[in-house]
1. What's the angle, to the nearest 10 degrees (0 to 90), between helix 158-171's Cα axis and the longest principal axis of the chain?
2. Roughly what would the spin-label model give for residue 85 and residue 248, points 7 Å off Cα along C-beta, in nm?
3. Sort 280-289, 62-71, 223-232 by the packing proxy (mean of other Cβ within 10 Å over each peptide's residues), most packed first.
4. For the stretch 80-210, what is the per residue volume of the convex hull drawn over the alpha-carbon atoms, in cubic angstrom?
5. Enter the angle in degrees (range 0 to 90, nearest 10) between the Cα long axis of helix 280-296 and the first principal axis of the Cα atoms of the chain, meaning the one along which they spread out most.
6. As a check on your grasp of the helix formula, calculate [θ] at 222 nm for the chain: sum -39500 (n - 2.57) over DSSP H runs of n ≥ 4, divide by the residue count, round to the nearest 500.
7. Give me the three principal axis extents of the stretch 164-206 from the C-alpha atoms, as integers in angstrom, largest value leading.
8. Whole number please: convex hull volume per residue of the Cα set in the stretch 249-288, in Å³?
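Derivation of every value follows stated rules applied to the coordinates shown; laboratory data play no part. As the structure is a prediction and not an experimental result, all values here were calculated from the model. Ideal geometry is used to build each Cβ from the backbone, glycine not excepted, and the neighbour counts take in all protein chains shown.
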């Protein structure tokens, strides 16, 4: 059970709490979003794991459910709904965490969901990756998204790479380390990634982003949006260029937070690699590897000169 000063999130008993759960869903999906009642209501509810968020008066303010695995063997998170007055207050984060905990407790190692388009970035922050193109469901644009609950996630395209950068920027406490060949065009300058990096840089006290490049000229010549962001926040972003032969011959690239997450690629000019969101030992190993190379590298001062 998750507690906040003003709300509490826990597992629900559908037989006892079903009316309250349905009331929240009807308010959000049927009345607010115009989803037909016959689509919102289905026969799966009694077999699902449900969570409920309640205010300090015990009134239901949010709900979500976990549908047991079907033929594909993957459980699905769905019917995530928070009353309008309670949005952007951490209720959705707490409910999603409770649903993933419930899946993990049952031995399920992966979860799938259909995210409404406005909620895609919310799920990215929690480590969910896109799967396939967007589609329409109940008249609303959606995207299928997934994540593992333990172990490694394969990153194979720019959209997934961008999503994992958002997750790492969201999970970092005070520092991000980025080792890149040329600032990964299409990933680190993608709007979602830039927004996540900006939020991290301006929203964390003592935030620091260190970026180690194989080539300092390439991103400048490409007019990187990340360089532009860094020029606006020069006390937070620092760049260095690898000069030691050992580092220049290292083809790897990675992003690592200062907690438990990382995205690593053996070949840094490609996006294909692996991400781990709950592997503190691996994250620590990459941070140490980064720091050794950082100490051997030269500061890149020319990016600041461009802003003069």
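1. Around 80 degrees separate the two axes.
2. Once both label points are built, they end up 6.5 nm from each other.
3. Numbers: 280-289: 15.9, 62-71: 19.3, 223-232: 17.6.
Ranked by mean Cβ neighbours within 10 Å, highest first: 62-71, 223-232, 280-289.
4. Numbers: hull volume 17.4 nm³, N = 131.
Normalising the Cα hull of the stretch 80-210 by residue number yields 133 Å³.
5. Around 20 degrees separate the two axes.
6. Values: 11 runs with 103 residues, N = 308.
After summing the helix terms and dividing by the residues of the chain, the value is -9500 deg cm²/dmol.
7. 28, 20, 15
8. Values: hull volume 2.3 nm³, N = 40.
Dividing the Cα hull volume of the stretch 249-288 by its residue count gives 57 Å³.
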